[in-house]
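Participant: Let me give you the structure first, and then I'll get to my questions.
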Amino acid sequence: MELDLLDSACLALDQWAGRLGVPVDPPPGLVALADRHAARIRVAIGAVTPVNLAAYADGVADAAGARGWVPGPVVDWRVASWASVHLLAVCLMARGVC
């Protein structure tokens, strides 16, 4: 079965969530932190769609990776890197569109 573009984007976003260990039910403080990032993301991508979110996530990961960031499960979100928290926000936003 062939995946369409939206399915592929949602799959990519789900893989980011798994790679980072995004909690199924994040605590309110973490949601508040992600919401601050989400505001910037909305401005950057315009329409909040799976395709835009997936492309943005890849761009953030590429830029952060060029600076030494390595994606992996976050053990303690209170001390997570900016890139990890920013991608957390992308993943939480994706829950509303995927």
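The values are calculated or read from the model by the stated rules, or taken from the named source; none is laboratory data. Everything quoted here is computed from the prediction, not taken from an experiment. Glycine also receives a Cβ, built like all others from the backbone with ideal geometry; neighbour counts cover every protein chain displayed. Each accessible area value is taken on the protein alone, full model and side chains, heavy atoms only, with ligands, DNA and RNA left out. Shrake-Rupley method; radii C 1.70, N 1.55, O 1.52, S 1.80 Å.
Participant: So what does the Cα-only Debye profile of segment 52-98 read at q = 0.20, 0.33 Å⁻¹, as log10 I(q)/I(0), no solvent term?
Facilitator: With one equal scatterer per Cα and no solvent, log10 I(q)/I(0) is -0.66, -1.25.
Participant: Now a separate question. Would you mind giving the three semi-axes, in whole Å and largest first, of the ellipsoid equivalent to segment 1-79 according to its Cα gyration tensor? Provide the component values of the computation, followed by the final result.
Facilitator: Values: eigenvalues 88, 49, 45 Å².
They are 21, 16, 15 Å, listed from largest to smallest.
Participant: Ignoring ligands, DNA and RNA, what accessible area per residue does segment 4-74 give at 1.4 Å, in Å²? Could the numbers behind the result be given before it?
Facilitator: On the way: 4030 Å² over 71 residues.
With the other protein chains kept in place, segment 4-74 gives 57 Å² per residue.
Participant: Calculate what fraction, in whole %, of the accessible area of segment 36-98 sits on carbon and sulfur atoms when a 1.4 Å probe is rolled over the protein chains. Write out the running numbers ahead of the final one.
Facilitator: Values: 1990 of 3390 Å².
Roughly 59 percent of what the probe reaches on segment 36-98 is carbon or sulfur.
Participant: I'd like the trypsin sites (Lys or Arg not before Pro) in segment 28-98 restricted to DSSP loop residues with at most 10 other Cβ atoms within 10 Å, sorted by number.
Facilitator: Values: sites: ARG36, ARG40, ARG42, ARG67, ARG78, ARG95; in loops: ARG67, ARG95.
Sparse-neighbourhood loop trypsin sites (Lys or Arg not before Pro): ARG67.
Participant: Defining a contact as two alpha carbons under 8 Å apart and six or more residues distant in sequence, what relative contact order in percent does the chain show?
Facilitator: It rounds to 46 percent for the chain.
Participant: Could you give log10 I(q)/I(0) at q = 0.20 Å⁻¹ for segment 22-66, computed by the Debye formula over C-alpha point scatterers of equal weight, without solvent?
Facilitator: -0.78
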